[in-house]
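First comes the structure, then the notes that go with it.
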Amino acid sequence: MLHNIDLEAIKDIAFLAGEEVMRIYRRDFKVYEKADRSPLSEADIVANRIICESLTHFSLPLLSEENKHIPFSERKGWEYFFMIDPIDGTKEFIKKNGEFTINIALIHKHTPVLGVVYAPAIGIMYSAKSGYGAFKNNLPLPLNKTESNVYTIVASKSHMSEETRAFIDSINTNKSKNLISMGSSLKLCLVASGQADIYPRLAPTMEWDTAAADAIVREAGKMCYDFSTKKPLVYNKKNLENPYFVVE
């Protein structure tokens, strides 16, 4: 199945959604409040519609943050499915700081095997397909990096927890620490590209928040580890909330 999925076609879908999202981004837009009190913008709804309608071509199940959630009894038998976060970093979108992404992942059983993370406001697209490499725009990942005396840590801009802060303080390195705060799944992509050494996330996230970027991380030779078990993150669990994790 994976060889039948053209990564360029998935990138085109993300780009198409990004064009519509940016039209909304440049004007005043509506913001709603979901049941969990998290924000939902006009752009989330538009991007979700474009992505889901475009992906029907592949005749695979879809699991999106913004769709009605599918019971585990139905999705546990899925071999392949798309996992979508039409806009990751809605808070960043609302703040208009550019640090939001459109995320599309293909999951095989419990593992992300294809991912596209598109940040339309800053013109960056990360992509990966298992066995075919990972890329930032057209540059293969990880990027060439000169040896540095700086250990770069990336953390959430809107969701820095006390546990994450304690973990960062506990990192034992002979290098000087540099902390970067950033929104959305761009944090995972910074580790994949080699622009950051580690991303600890000791705070709640959902599978769709990480799936696409996780595929890129893995294909770049890095890993998203469950903080407790030190095993790779798994997807399509009964409970779609991620455990605390570390990317390095």
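The values are calculated or read from the model by the stated rules, or taken from the named source; none is laboratory data. Every value quoted in this text rests on a predicted model; they were computed, and no experiment measured them. Don't worry about glycine lacking a Cβ; one is built from the backbone with ideal geometry, like all the others, and counts go over all protein chains shown. Ligands, DNA and RNA are stripped out before the accessible areas are found, and what is left, the full protein with its side chains, is counted by its heavy atoms. Shrake-Rupley method; radii C 1.70, N 1.55, O 1.52, S 1.80 Å.
Looking at segment 210-224 only, could you name the residues that are open to solvent by less than 10 Å² (accessible area, probe 1.4 Å) and in contact with a Cys (Cβ under 8 Å, 6 or more places away or on another chain)? Correct list: THR210, ALA213, ASP214, ILE216, VAL217.
Might you check whether a residue that is open to solvent by 40 Å² or more (accessible area, probe 1.4 Å), closer than 22 Å to ALA196 by Cα, free of Cβ contacts under 8 Å to residues at least 60 places away in the same chain and in contact with a Ser or Thr (Cβ under 6 Å, 6 or more places away or on another chain) occurs anywhere in segment 139-146?
yes
Considering only segment 81-100, I want to know if a residue exists there that is open to solvent by 60 Å² or more (accessible area, probe 1.4 Å), basic (Lys, Arg) and touching a residue at least 24 places away in the same chain (Cβ under 8 Å). Within segment 81-100, one or more residues are open to solvent by 60 Å² or more (accessible area, probe 1.4 Å), basic (Lys, Arg) and touching a residue at least 24 places away in the same chain (Cβ under 8 Å). Looking at segment 218-232, I want the residues that are within 17 Å of LEU106 (Cα to Cα) and have a partner that is in a helix (DSSP H, G or I) with Cβ atoms under 6 Å, at least 6 apart or on another chain. Which pairs are those? Going by the 6 Å Cβ cut-off, the qualifying pairs are ALA220/ALA192; CYS224/ASP214; CYS224/VAL217. Residue-level analysis places LEU190 among those that are outside any loop (DSSP other than H, G, I, E, B), closer than 25 Å to GLY133 by Cα and either free of Cβ contacts under 8 Å to residues at least 40 places away in the same chain or in contact with a strand residue (DSSP E or B) (Cβ under 7 Å, 6 or more places away or on another chain) (or both). Going through segment 1-30 one residue at a time, which ones are aliphatic (A, V, I, L, M) and open to solvent by 70 Å² or more (accessible area, probe 1.4 Å)? MET1, LEU16, listed by residue number.
Each residue in segment 55-66 was checked for being open to solvent by 10 Å² or more (accessible area, probe 1.4 Å) and either more than 21 Å from ALA9 (Cβ to Cβ) or outside any loop (DSSP other than H, G, I, E, B) (or both), and 6 pass. Among residues of segment 159-172 being open to solvent by 40 Å² or more (accessible area, probe 1.4 Å) and outside any helix (DSSP H, G or I), the one that is modelled with the lowest pLDDT is HIS159.
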